[in-house]
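Just so you know, all these numbers are worked out from the coordinates, no wet-lab data involved. Since we're looking at a predicted model, the values are computed, not measured. Here Cβ is always computed from backbone atoms with ideal geometry, including for glycine, and neighbour counts include all displayed protein chains.
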Amino acid sequence: MGRILTVVVALSAFACAQKTLAQDSSSTHQLKFGFEAAAVDANGLPPWVDGSVGKLVSNGTELQVRGYAEHAKQLTDTVKTNLVLEVTGDQPGEPISVTEAYFHWRPVPQSETRYRFKVGAFYPDVSLENTQPGWRSPYTANYSAINSWVAEELRATGVELTAIRKLPRIGPNHRLILQGSVFGWNDPAGSILAWRGWSVHERQSRYGDSLPLQDLPLNRPGEMFEEQAAVAKPFKEVDNRLGFYTAAEWRVRGRFSVKGLYHDNRGNPEALENGQYAWDTRFWNLGLKLALPRKTTLLAQWMKGNTSMGPLMSGKHVVDNDFDSYYFLLSKKIHRHRLSARFDQFRVNDVDIITADNNNEKGTAWTLSHRFQFSDRLNVSTEWTSIETRRPGWAYNGFPTRKTEKQFQIRLRYAL
């Protein structure tokens with residue numbers, strides 16, 4: 001309850017600040033904030049945020065309170081700062097902490113090509129769902145398995161360059177977008193995906209979060225990875241090696257966009273610092289957004305990659321896992337109503353030779369959502385999620401190796 005009160009007080013302060021800034025029309029500051037309260041009823045395994053194996057962040061009936069605040073300050077005509085805070089009433093981590101903080105520079109265009117630069121800490125541009133302030137989704141409360149993992153473990157701390165070029169020979173609304181980034185402080189990313197697997201939720205990790213790991217055979221005293229801490233800290237630099245991602249997108253305004261991205265954190269699988277291993281995590285991501293008739297939107301996203309750590313043994317790292325996931329989301333807007341349906345499929349394929357650490361996983365998830373927009377600032381959504389998972393490694397912790405977890409929630413969201 002104390003954490004919930006902290007959330008309420010913090011968001012009240014943000015609301016007062018927003019009103020103060022709004023009264024000064026000449027202000028170079030911009031503040032956006034949102035508040036969410038949800039009544040959640042979940043039936044599944046004990047949740048992963050409590051150090052167990054469940055795919056959801058809730059089990060049983062509870063009240064969830066979350067919020068965010070985005071502050072931007074225009075330093076010059078072309079440079080501004082961005083700071084995003086996430087406020088949450090649940091564990092782990094502090095009630096208020098940072099999810100993104102960066103400088104954004106948009107030089108005055110000198111040609112048909114426009115450029116954007118980011119310097120700081122930010123999300124890689126992977127998600128097609130999370131397009132609203134606070135990295136929220138306009139379609140569902142829970143994110144897809146792909147973007148739930150992005151929210152858990154991926155962040156780039158470095159620089160990003162984006163080049164946008166019009167394609168008038170094809171059509172006035174066509175754009176080619178090229179993007180590249182060099183980053184660090186994301187070496188442990190992959191540990192949660194390998195040792196716990198995919199999940200479906202709306203929780204975003206913040207800088208400073210320590211994500212609990214369930215009891216694992218290789219991490220017990222006297223075993224190979226006994227030096228692994230009981231928590232994963234995804235936003236750490238362990239091996240002093242920079243990673244990168246590069247992307248290309250073709251966008252037709254108002255009609256569709258298709259984007260491909262390759263991401264490689266270039267982790268040294270044998271590096272260890274303060275209980276955190278560096279994981280060599282790399283993946284391909286492909287996304288499609290298509291505007292259909294009658295205010296209907298189709299999203300499709302696919303991710304495929306590998307994550308590994310530890311010394312080589314018979315040509316494979318001691319922990320070596322291929323992973324892949326995809327989803328299809330169909331959303332239709334009818335006046336003030338939005339109806340959305342999403343199907344996820346996800347898999348982890350354990351390809352190392354260590355039988356005591358079985359990370360194989362295969363599962364599917366359905367999410368159905370209805371959102372009613374009372375006003376520009378206030379909406380309420382009802383949402384049902386069902387996740388069916390087969391994971392042999394659950395037997396290590398005394399859980400069934402096949403489980404269907406279900407969740408129903410009613411969520412009130414206020415944004416200003």
Alpha carbon centroid spacing (whole Å) that separates the range 109-161 from the range 181-199: 16 Å
Distant-in-sequence amide H partners of residue 97 (H built 1.01 Å from N, under 5 Å): 86
Length gained when the stretch residue 345-residue 182 is fully extended (0.36 nm per residue, less Cα-Cα span): 55.7 nm
Average projected area [Cα convex hull, the range 62-163], square nanometres: 7.8 nm²
Charge dipole (the chain, unit charges on Cβ, about Cα centre) - positive-most of 179, 268, 123: 179
Most mobile listed residue (203, 116, 377) in the chain, GNM with C-alpha springs under 10 Å: 377
Table column - 3J(HN,Hα) (Hz), the range 192-204, Karplus curve with 6.51, -1.76, 1.60, x for Gly and Pro: 5, 5, 6, 8, 10, x, 6, 8, 9, 6, 10, 7, 9
Cβ-derived FRET efficiency at R0 41 Å, residue 170 paired with residue 91, nearest 0.05: 0.20
Relative intensity, log₁₀ I(q)/I(0), of the chain from a Debye sum that treats every alpha carbon as a point, q = 0.06, 0.07, 0.12 Å⁻¹: -0.24, -0.33, -1.03
Nitroxide proxy distance, nm - points 7 Å out along Cα→Cβ at residue 334 and residue 368: 1.3 nm
Computed lengthening from residue 106 to residue 395, 0.36 nm per intervening residue step minus Cα-Cα distance: 98.8 nm
Estimated FRET transfer efficiency when R0 is 45 angstrom, pair residue 408-residue 255 (beta carbons, to 0.05): 0.80
Most positive-pole-ward Cα, 146, 107, 314, against dipole of the chain from beta carbon charges: 107
Gap separating the Cα centres of the range 230-302 and the range 387-416, nearest whole Å: 23 Å
Cα centre as origin, Lys/Arg/Asp/Glu Cβ charges: the chain dipole, Debye: 2480 debye
³J(HN,Hα) computed for each position of the range 154-168 - Karplus, 6.51 cos²θ - 1.76 cosθ + 1.60, integer Hz, glycine/proline x: 10, 7, 10, 10, x, 10, 9, 10, 10, 10, 10, 10, 6, 10, x
Amide hydrogen neighbours beyond the local backbone of residue 199, cut-off 5 Å, H modeled: 149
Helical mean residue ellipticity (222 nm; -39500 (n - 2.57) per DSSP H run of 4+; nearest 500) of the chain: -2500 deg cm²/dmol
Pairs from 55/233; 118/236; 73/332 whose Cα-Cα separation, in the structure shown, is over 26 Å: 73/332
Modelled FRET efficiency - R0 22 Å, residue 116 with residue 262, Cβ distances, 0.05 increments: 0.65
Residue (of 415, 96, 159) at the positive-pole extreme of the chain, dipole from beta-carbon charges: 415
Gained length - residue 227 relative to residue 163, 0.36 nm times residue gap less alpha-carbon distance: 18.7 nm
Long-range tail of P(r) for the range 312-416 (Cα pairs > 18 Å, %): 63 percent
